[in-house]
Amino acid sequence: MLPRIYRSVPSTWDSFFGKDYLPEFFTNGSYKSVPAVNIMEDNDGYTIEVAAPGLTKKDFNINLENKVLTISSERENQVENNEGTTYRREFSYNNFKRSFTLPDSINSEQIKASHKNGILYVALPKREEAKVQPARQIAIS
């Protein structure tokens, strides 16, 4: 554990530089973010939509282990700047990981994924016995 004086430094820096300065100062302009996710349900199953503009289908990994669906991505960005005698190369990595615990009603053998226009779609079909059955009349004997 740090001595008390070191724990108070960030609050001193906050008041001097302002709160907006610290995140950029310490992260050097690189940002971590988690893509937005929509989850929809209909009679046949669920659909997960992951908004990830700039990523291609090769950038995604989708795993299913013990009823936990994990969607992740790790991508290396390289920026090169070649100005006269100065040569600079910057590496940065963008990654995220989202996990979803699936209900027992999902048919895990039939899960499918597709990618279109910066959105990853994951279709999670329901088992037949979990689908809502249409109402029917029962005859009395």
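Could you tell me which of the pairs Lys67/Lys116; Lys58/Lys97; Lys67/Lys112; Lys58/Lys126 are separated by over 19 angstrom between their Cα atoms in the structure shown?
Lys67/Lys116; Lys58/Lys126
What FRET efficiency, computed as 1/(1 + (r/R0)^6) with R0 = 30 Å and r the Cβ-Cβ distance, is obtained for Lys57 and Ser105, rounded to the nearest 0.05?
Computed FRET efficiency for Lys57 and Ser105: 0.65.
Suppose R0 equals 30 Å. What FRET efficiency, 1/(1 + (r/R0)^6) with r the Cβ-Cβ distance, do Lys131 and Arg75 give to the nearest 0.05? Don't skip to the answer; put the middle values down first.
Numbers: r = 37 Å, r/R0 = 1.25.
Result of the calculation: an efficiency of 0.20.
Bear in mind that the values in this text are calculations on the coordinates, not laboratory data. Being a predicted model, the structure only gives us computed values, none of them experimental. Every residue, glycine among them, receives a Cβ derived from its backbone with ideal geometry; neighbour counts consider all protein chains shown.
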